[in-house]
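The values are calculated or read from the model by the stated rules, or taken from the named source; none is laboratory data. Since this is a predicted model, take the numbers as computed values, not measurements. Positions of Cβ are generated from backbone atoms using ideal geometry, with glycine treated the same way; all protein chains shown enter the neighbour counts. When the accessible area is computed, the model is the full protein with side chains, heavy atoms only, and any ligands, DNA or RNA have been set aside. Shrake-Rupley method; radii C 1.70, N 1.55, O 1.52, S 1.80 Å.
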Amino acid sequence: MHYFEYKNGELYCEEVPIKKILEDVGTPVYIYSAKTIRRHYKVFEKSFSNIDHLICYSVKANSNIAIISLLKQLGSGADIVSAGELKRALKAGIDPKKIVFSGVGKTPEEIEFALRADILMFNVESLEELETLGEIAKKLEKKAPFALRINPDIDPQTHPYIATGIKRSKFGIPEEFVIEAYKKAKENPYLYPIGIDAHIGSQITSISPFVSALSRLKRIWEELINLGFELKYLDIGGGLGIVYKNEEPPLPQEYADAIIKEGKDLKATIILEPGRVIVGNAGILVTKVLYTKENILKKFVIVDAAMNDLIRPAFYQAYHKIIPVEEKYEEFEVVDVVGPICESSDFFAKERKLPKVKKGDFLAIMSAGAYGFVMSSNYNSRPRPPEVLVDEDKYYIIRKRETIEDLLAFETIPAKYL
Ligand SMILES: *Cc1c(COP(=O)(O)O)cnc(C)c1O
């Protein structure tokens, strides 16, 4: 569900013609729809209205401060994984008491920054991290609210790179060590256990892995309550999948109902950390056709966006629908859509039936709102594209295009090489 639609043969985002934005900022460009983000957030939020809950938007999915700010207006908290993301969340005006801090490798500096900011809780991923958190809390004489992230050993049946709760993955603490760790934490009065947490992966398209993870968490929760711990937050992470091609992910209401059913008799505030499901289908990457060419075996459409701008196809073999900005074609052909980077993995589509585009035409790469710009790089010394947020009949440049000077600004040549 999104608000990118054709009107009179031309692609619009809400009430703004895409071509109008292209005339202003050029290509490649990320374009997001505020109305789509609001709609997704509200549907998600409403699905959980029958249970005490807190939504902490997973900032890493799309961390532009305008997007975080838009979500803050709707009441969202934030799930962050670095000091940089914490800074973004605070700058966007998110209430620190709605911020949870996840991640396997929080540095002491990051922990100190978050403690001073008085965030809601640390989702701790190892026993050594718990010890470090305790030491820093003691030094600052501040209580450190925490949950342990459990590795529930559940296969979420998604791409292996985004499965995070299976036994051999680096995330979380194995179940068998968890109770001992909570007990150990009692030795340090600055460590303040207030919840438990799991996040099993991303782009998950069935309900059962979530229910299995929650039932594991529930068992541990009950054991801890029996041991006298006063827990308040049960954080089940994010991971709900979206439609890129023909997936059939659960509706937010179905997902919520399953969680509510499993979690309702616990006296817990359920924390949810959705990322992709909020922003994924709310963004597109628009690119210009530079050239077309063919060899005996294949036809290629060479575009001005590349894997440095959107790495998902190269990285996860991810499918992104591609549509023309103008609906004016009668002929179709099977092509590879590729970027200018010197890597064979630099593609957006392989053997895809597309309208027969020509040099200078524009294509929209759909569902690029999550893990798009945030994963971009400057490989091949390519300045990163701008980000534009459309809201009804207006649009805002929420990140300007980088320049080549920007790329060189951090480098110096030692005098001896001059
Ligand atoms: C990435 C991540 C999320 C968000 O995952 P989505 O699939 O985008 O919903 C939530 N929690 C944690 C800990 C994460 O690492």
Identify all residues within the range 188-205 that are in contact with an Asp or Glu (Cβ under 9 Å, 6 or more places away or on another chain) and within 14 Å of the ligand (Cβ to nearest atom); write none if there are none.
Gly195, Ile196, Asp197, Ala198, His199, Ile200, Gly201, Gln203, Thr205
Six or more apart or on different chains, Cβ atoms under 7 Å: show the pairs whose first residue is in the range 216-244 and farther than 19 Å from Phe171 by Cβ and whose second is of a type in the set (S, T, N, Q).
Lys232/Thr269; Ile242/Asn281; Ile242/Ser367; Tyr244/Ser367
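Residues checked against (1) more than 28 Å from Ile200 (Cβ to Cβ); (2) in contact (Cβ under 8 Å) with a residue 60 or more places away in the chain:
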site: Ile18; (1), (2): yes, yes
site: Pro28; (1), (2): yes, yes
site: Lys42; (1), (2): no, no
site: Ser49; (1), (2): no, no
site: Ile55; (1), (2): no, yes
site: Asn62; (1), (2): no, yes
Please enumerate the residues belonging to the range 112-142 that are over 18 Å from Lys183 (Cβ atoms), within 16 Å of the ligand (Cβ to nearest atom) and assigned to a helix (DSSP H, G or I).
Ala114
If you check Lys167 against the conditions, is it under 26 Å from Lys91 (Cβ atoms), open to solvent by 10 Å² or more (accessible area, probe 1.4 Å) and among the basic types (Lys, Arg)?
no
Filter the range 85-105 for residues that are within 16 Å of the ligand (Cβ to nearest atom) and open to solvent by 40 Å² or more (accessible area, probe 1.4 Å); which is nearest to Asp235 (Cα to Cα)?
Lys98
Residue check, Phe146 of a type outside the set (D, E, K, R), open to solvent by less than 40 Å² (accessible area, probe 1.4 Å), within 16 Å of the ligand (Cβ to nearest atom) and in a helix (DSSP H, G or I)
no
Scanning the range 15-61 for residues that are open to solvent by 10 Å² or more (accessible area, probe 1.4 Å), among the β-branched types (Val, Ile, Thr) and more than 16 Å from the ligand (Cβ to nearest atom) gives Val25, Thr27, Ile51
Sort through Pro193, Pro249, Pro274 and tell me the only one that's in contact with a Phe, Trp or Tyr (Cβ under 9 Å, 6 or more places away or on another chain) and over 23 Å from Gly103 (Cβ atoms).
Pro249
Considering only the range 117-124, I want to know if a residue exists there that is open to solvent by 20 Å² or more (accessible area, probe 1.4 Å), acidic (Asp, Glu) and under 16 Å from Val81 (Cα atoms).
yes
Condition check for Ser345: assigned by TED's automatic domain parsing to the domain that holds Ile302, closer than 20 Å to Ala61 by Cα and either not in a helix (DSSP H, G or I) or not charged (D, E, K, R) (or both)
no
Just name the residue that is most open to solvent (accessible area, probe 1.4 Å) out of those in the range 229-240 that are assigned to a loop (DSSP other than H, G, I, E, B) and in contact with a Gly (Cβ under 9 Å, 6 or more places away or on another chain).
Lys232
So, in the range 170-186, how many residues would count as being within 16 Å of the ligand (Cβ to nearest atom) and loosely packed, with under 15 Cβ neighbours inside 10 Å?
1
Of all the strands (runs of 3 or more DSSP E) wholly in the range 260-324, which have at least 2 residues that are crowded, with 19+ Cβ neighbours inside 10 Å and within 16 Å of the ligand (Cβ to nearest atom)?
269-272
Which of the strands (runs of 3 or more DSSP E) found entirely inside the range 1-99 contain at least 1 residues meeting this: more than 30 Å from Lys328 (Cα to Cα)?
53-58, 77-80
Inter-residue pairs, beta-carbon under 9 Å, first outside the structural domain of Ala318 (by TED's automatic domain parsing) and within 14 Å of the ligand (Cβ to nearest atom) and in the range 153-169, second among the aromatic types (Phe, Trp, Tyr) and not in a loop (DSSP other than H, G, I, E, B), 6+ apart:
Pro156/Phe210; His159/Tyr316; Tyr161/Phe315; Tyr161/Tyr316; Ile162/Tyr316
